[in-house]
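Data first, discussion second: the structure below is written as structure tokens.
The values are calculated or read from the model by the stated rules, or taken from the named source; none is laboratory data. Keep in mind that this is a model prediction, so the values were computed, not measured. Cβ sites come from the backbone with ideal geometry, for glycine too, and all protein chains shown count toward neighbours. Only protein heavy atoms, including side chains, enter the accessible area calculation; ligands, DNA and RNA are left aside. Shrake-Rupley method; radii C 1.70, N 1.55, O 1.52, S 1.80 Å.
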Amino acid sequence: MRRLALILAVGLAGCPHARQPVPIGGEAPVPTTGIQIDTSVPVQDRVDEAADLIERGTPNDLARAVALLESAVGDDRNGIVRFDLGLAYQRRGELREAQKQYQSVIAVDPSNGAAWLGLGRVHELEGDSRAALSAYQTGVTNAPDNIDLRVAQVNALRRAGQADEAIAAARDALSTNAKSLALYNALGLAYLEKRNLVLARFVFQKATQEIEGAENNAVLQANIGWTYYLDDDKPAATEHLQKALELDPELVPALVQLARVYMDDHDYEDTVPLLERAATLDPNNADVQLTLGVAYRGVGRLDDAQAAYDRAMKLAPDDPAPLFNMGVLEGDYRKDYNGAIASFQKYIAANGQEKALAQEYVDAVEREKTDAEKKAKAEAERKARAEERARKEAMANEPAPDDGAMPADGGGEGDGDAVPPEPAPEAPPEDPGGDDGGSAPPPEEQP
């Protein structure tokens, strides 16, 4: 049976998948009630302290930042306090509250590009990609010079499958700012969406030529490496991905992409450390967990592989890909045929992209199960016959019971083996014409 694995490609560098945030440490945000704020402190000082706390980002820091900003929001004249408050709520995972604050800023100043950017980001975190794109596009209309907002618009168009529109938006933005590394990167990613590897690599490499210091940008190096990987040039891909990790050892997409290169060569020993580091850095990334499970399976750590698949399913319950990989693990490696069939059938029922392949696996597993059952039955029957033969041989070799009778050959004690008596000779036929002293019978043969 073929051993395949569905590996969802982790988002390209500079393009992480948007997922619902999990509060720091997996805990609920620290309550802000009871935090005492000295309102005699000047508003600007409170705002500055809150900004530092948001930057640190611990649960307690964020709670105090919210309390500080809430105490100063009444004196907000230009939207700075409300914007920072929205950011603090966003970092705490309180997305509805963050949305309200950003909308309040926009209502006062529609040209505030940062607020439009924050609003779009909140929609992305809520999983509403359409609302996010709308926020970015409206924001660009009101704040056309905000490059971060334009980059967000290009990436949102690309993720929505509108690669041509993303390319047009990126080119338009570059016409006003030809030195934006982020715009070059977004344009290259848009070409990657169209699988135009030549143009994608050209854009990435052009950025290294046009922008000072871009050659030492880890994200750009990772994306150049990925174009080479997709073009089946693994040596060049490895060179650029390794350079990306030298520049930024914690760049998760580069870790995953280099792992993909190694996995293609079945180098699972070098793959596992890369993916374990990625999983530590981005523990809520279901794609990383799924790929890590495949790597664990490659080095024979089957229990760890199952645990990684389970984590992937918990993080992205709507994604059936882990079920496919679980089927491979159970069928090919553990020979748990019923478990494998169940996993593949769940994958098919969830409308997985590789339904036809999953059905092939089901058919193959069922055939392998039937063959295994036949072999097991034949082996059981062979073993039973061997045991019966051994039992009979053991009975035949048992000594005769000692009842005091002389041995049949008239001899003394032997070695315990009974000798069957010779059959009695047949009596000669009577001679009707003879007398009582007729001829004697021939002597018996001696044993």
Ignoring ligands, DNA and RNA, what percent of the accessible area of the stretch 254-333 is carbon or sulfur (1.4 Å)? 45
Over 29 Å (Cα to Cα) - which of Lys194/Lys335; Lys100/Lys194; Lys100/Lys206; Lys335/Lys392; Lys194/Lys243 fall in this group: Lys194/Lys335; Lys100/Lys194; Lys100/Lys206; Lys335/Lys392
Taking a probe of 1.4 Å, how large is the accessible area per residue of the stretch 326-374, in Å²? 52
Arg260, Arg92, reordered so the largest accessible area comes first (probe 1.4 Å): Arg260, Arg92
For the stretch 299-316, just list the computed ³J(HN,Hα) in residue order, Karplus coefficients 6.51, -1.76 and 1.60, θ = phi - 60°, integers in Hz, with x standing in for Gly and Pro. 9, x, 8, 5, 5, 5, 4, 4, 5, 5, 4, 4, 5, 4, 5, 5, 6, 9
Expressed as a percent, the accessible surface of the stretch 32-179 that is carbon or sulfur, using a 1.4 Å probe and the full set of protein chains, is 46
Derived scalar couplings ³J(HN,Hα) [the stretch 151-166; Karplus, 6.51 cos²θ - 1.76 cosθ + 1.60; whole Hz; x for Gly, Pro]: 4, 4, 4, 4, 5, 5, 4, 5, 5, 7, x, 9, 5, 4, 5, 5
Report P(r) for the stretch 215-356: all Cα-Cα distances, bin width 10 Å, range 0 to the bin holding the largest distance, values in whole percent. 13, 37, 33, 15, 2, 0
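What is the gain in length, in nm to one decimal, between Asp172 and Arg391 on full extension, counting 0.36 nm per residue of separation less the C-alpha to C-alpha distance?
Answer, rounded to one decimal: 69.8 nm.
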In nm, to one decimal, how far is the modelled label at Thr39 from the one at Asp231, with both set 7 Å along Cα→Cβ? 6.3
Just to verify a number: what accessible area does Met313 come out at with the full protein assembly present, 1.4 Å probe, Å² rounded to tens? 50
Whole-Hz Karplus couplings 3J(HN,Hα) for the stretch 373-380, θ = phi - 60° and coefficients 6.51, -1.76, 1.60, Gly and Pro as x, run 5, 5, 5, 5, 5, 4, 5, 5
I want to check the label-to-label distance for Arg382 and Leu281. Put each point 7 Å from Cα in the C-beta direction and report it in nm to one decimal. 5.3
The stretch 166-247 - accessible surface per residue (Å², probe 1.4 Å): 46
Applying 1/(1 + (r/R0)^6) with R0 = 41 Å to the Cβ-Cβ distance of Lys374 and Gln242, what FRET efficiency is obtained, to the nearest 0.05? 0.20
